[in-house]
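Please treat every number below as a calculation from the coordinates, not as lab data. Keep in mind the model is a prediction, meaning the values are calculated, not measured. All Cβ positions, glycine included, derive from the backbone under ideal geometry; neighbour counts span all protein chains shown.
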Amino acid sequence: MALRHVDFDTFSFKSVMAVLSAIAIVLLIAPSLIVVIVSFTSAYSLRFPPPGFSFRWYVALSQDWQLQFAAWNSVKVALAATILSVVLGVGAALAIARSRSLAGKIADQLFMSPLVLPALAFGLASLMFFSVLGVPVSLTTLIIGHTVVIVPYVIRNTVAALTQLNTALLESSASLGASRFYTFRKITLPLIRPGILSGGFICFMSSFDNVPVSLFLRDAATDMLPIRMWQNLEGNLDVTIAAVSGVLIAFTIALMLLMERLTGFSRRLA
Amino acid sequence: MADTAAGRDVTIYPLRLSAPLFAFFLVFFAAPLLILLWMSFQADPAMTHAGLNQYAAFLGDRFSLSVLAATLWLGVEVTAICLLLGYPLAWLYTRSPPWARTAIMLIVLLPLLTSVVVRTFAWIVILGRQGIVNETLLALGFIQTPLKLLYTEGGMAVAIAQVQMPLMVLPLITAITRIEPNLLDASFALGGGHWRVFRKVLLPLSLPGILAGCMLTYAAAITAFISQSLIGGGQKLFMPMYIYQQASSLQNWPFASAISIIFLAAVLVVVWIFNQLGRLSRGMAEA
């Protein structure tokens, strides 16, 4: 191969790509890192770098019952909505995964539509729906609203797992005389379980983080963590929120690594 | 007949397995949206009679139209930033060894899974008067007084772009990974330079991923309520906050519903455009 001492084309292309992706990586990591650092500040402001180190804002968090109450509600709603989504979503995913019928395609479009529609409009619509019916907002209405907007994630991940499933396994199981349900329990389910698990995990995280639906379906008695944090930040920049953020980031990383071990999560999404 | 045929094929599950979710969606998704539509045709907040007053009020009002335009434009800015930075990152992923791939993937996924309020809060720390950008510029002597970065449109676009970046990178990674590596090798062997191969081969073949990523990022950016309200700081109004203010503070449900319907329609038009472009691009990629 000819040795060109200045290959401007290769050099310029690779350096532009390298610089842009380096910016992207810094941009993706830096914010979380900065929040964690600032949460250990000894100051009353969000000055960066912090003037000193302390645990005072974590101590303040441990005494902030409003935030804890909201966090607990968020966990309850996220768990219930995730379970409901998995139960309803896996059935739907089985039905539409290999369906070539028009009804299957329409159902698919319908179930996926909450992903692109502005969730805030749906939140408002839900509030009006429940108030027309005379149903007061509660944790139950929150669970219902969250389920609508998170169920697409479990469907998408389960469908992806189903399309990778080797159908010959199902056919041989049937030809050996196994019933459909037995084949499902013994073959299909174990093989698609990682897909269901990672879908459920994304459901949980996005329900826990939901703002647009909670904004309308929550009240003082059913406060949700993201809304409480937002309202605290709107008032005055409260450093306790840095401590909440530190705790949430730690939990997210721990859960993510756990899911990576259990399901090979990172390969599943690309 | 169809029933027995479906019953024989053990790889296809009956459609009725989706019936519970279908019923759930009819009651708790379709019905609320119909009520939203019905509410938007009420002439006044007391709901005395029907009429197109709310739509006339929105479309005849310069301020309301400017809010809609600002929101749609914000989506364009954010999507452009995400594409500019996300594409190189996705490209880097496909050229990395397995350990680096896992690392990049986890770096991309972490913000996606971290609470949106936390990510937005991080930008308040970064862009604030005593934030890292201002402190660095002051220390280097580039500026004498802190710059106003928070509550500006540029700061907000960058912050929302960071928050939504994973939505752009994930489909891009999928699309670029699918491109036959031999095709690129052949292009290089035939004497194509890097930029030329990028423009003529890589970019057109990854177009479906680009469009999918742009659509997800755009839809997420224009509805990013938290980031818009905290980093925008109420300096400029965007559609989500407009809806929230009308519905919650002013209790004007008919007008809030009409804004929601107009916003929904705008999003649907954007989705439709992207789908059409996607169809065209797949045709191009296969040709």
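Mean projection of the alpha-carbon convex hull of chain A over all orientations, in nm²?
Values: hull surface 93.6 nm².
Quarter of the Cα hull surface area: 23.4 nm².
I need the Debye-formula profile for chain B: one equal scatterer per C-alpha, no solvent, reported as log10 I(q)/I(0) at q = 0.12, 0.14 1/Å, two decimals.
After summing over all Cα pairs, the log10 values are -1.00, -1.17.
Over region A:212-270, what portion of Cα pair distances is larger than 12 Å, expressed as a whole percent?
Details: 1271 of 1711 pairs.
Every Cα pair in region A:212-270 considered, those over 12 Å come to 74 percent.
Tell me the trypsin sites (Lys or Arg not before Pro) within region A:96-127 that lie in a loop according to DSSP and have at most 16 other beta-carbon atoms within 10 Å. Please list the in-between numbers first.
Working: sites: A:R98, A:R100, A:K105; in loops: A:R98, A:R100.
Answer by residue number: A:R98, A:R100.
Do any chymotrypsin sites (Phe, Trp or Tyr not before Pro) in region B:114-147 lie in a DSSP loop with no more than 11 other beta carbon atoms within 10 Å, and if so, which?
Details: sites: B:F121, B:W123, B:F142; in loops: B:F142.
The qualifying sites are B:F142.
Looking at B:L127, B:M165, B:Q251, which one has the Cα that reaches farthest to the positive end of the dipole of the protein assembly as shown (charges on Cβ: Lys, Arg +1; Asp, Glu -1)?
Farthest along the dipole direction, towards plus: B:M165.
Can you work out the base-10 log of I(q)/I(0) for region A:1-130 at q = 0.12, 0.13, 0.17 1/Å, using the Debye formula on its C-alpha atoms alone?
-0.94, -0.97, -1.07
Rounded to a whole number, what is D in µm²/s for region B:76-176 from Stokes-Einstein with the Kirkwood radius over alpha-carbon pairs (20 °C, 1.002 mPa s)?
Values: Rh = 15.0 Å.
In µm²/s, the coefficient rounds to 143.
I'd like the distance between the alpha-carbon centres of region A:1-63 and region B:72-97, rounded to an integer number of Å.
So the two Cα centres are separated by 17 Å.
What percentages, rounded to whole numbers, describe P(r) for region B:25-82 computed over all alpha carbon pairs with 5 Å bin width beginning at zero?
4, 16, 14, 14, 17, 16, 13, 5, 2, 0
Give the separation of the Cα centroids, region B:222-248 to region B:123-190, in Å.
Using only Cα atoms, the two centres lie 22 Å from each other.
Translational diffusion coefficient of region B:93-244 at 25 °C, 0.890 mPa s, Stokes-Einstein with Kirkwood Rh over Cα pairs, in µm²/s as a whole number. List each step's numbers first, then the result.
Details: Rh = 18.0 Å.
Estimated diffusion coefficient is 136 µm²/s.
Give the Debye-formula value of log10 I(q)/I(0) at each listed q (0.12 Å⁻¹), with one equal scatterer per alpha carbon of region B:195-287, two decimals each.
Listed by q, the Debye log ratios stand at -0.54.
With the dipole of region A:146-270 worked out from charges on the C-beta (+1 for Lys and Arg, -1 for Asp and Glu) around the Cα centre, which of A:F181, A:L258, A:L248 lies farthest toward the positive end?
Selected residue: A:F181.
Take B:D9, A:D223, A:D209 and order them by how many other Cβ atoms sit within 10 Å, fewest up front.
Details: B:D9 13, A:D223 19, A:D209 24.
Neighbour counts put them in this order, fewest first: B:D9, A:D223, A:D209.
Only counting other Cβ atoms within 10 Å, I'd like B:S281, A:S131, A:S245 sorted with the fewest neighbours first. Provide the component values of the computation, followed by the final result.
Details: B:S281 20, A:S131 13, A:S245 26.
The most exposed by this proxy come first: A:S131, B:S281, A:S245.
Counting residues in region A:143-267 as N, plug N into 2.2 N^0.38 Å and put the Cα Rg over that result.
On the way: Rg = 19.9 Å, N = 125, 2.2 N^0.38 = 13.8 Å.
Computed over Cα atoms of region A:143-267, the ratio equals 1.44.
Can you tell me the Rg and Dmax of the protein assembly as shown, counting just the alpha carbons, in angstroms?
Cα radius of gyration and Dmax of the protein assembly as shown are 24.9, 83 Å respectively.
Could you estimate the translational diffusion coefficient of region B:191-230 from the Stokes-Einstein equation, with Rh from the Kirkwood formula over C-alpha pairs, at 20 °C and 1.002 mPa s, in whole µm²/s? Don't jump to the answer; show the numbers that get you there.
Values: Rh = 12.2 Å.
Result for D is 175 µm²/s.
What are the DSSP H helices in chain A that stretch 24 Å or more along their long axis, judged by alpha-carbon atoms, and whose average Kyte-Doolittle hydropathy comes to at least 0.0? If you can, show how the numbers build up before the last one.
Details: long enough: A:8-38 (43 Å, 2.18); A:65-97 (45 Å, 1.48); A:139-164 (37 Å, 1.25); A:189-208 (27 Å, 1.32); A:240-263 (34 Å, 1.81).
Qualifying helices: A:8-38, A:65-97, A:139-164, A:189-208, A:240-263.
Between the DSSP loop rule and a limit of at most 15 other Cβ atoms within 10 Å, which chymotrypsin sites (Phe, Trp or Tyr not before Pro) in region A:14-56 are left?
Numbers: sites: A:F40, A:Y44, A:F53, A:F55; in loops: A:F40, A:Y44, A:F55.
Answer by residue number: A:Y44, A:F55.
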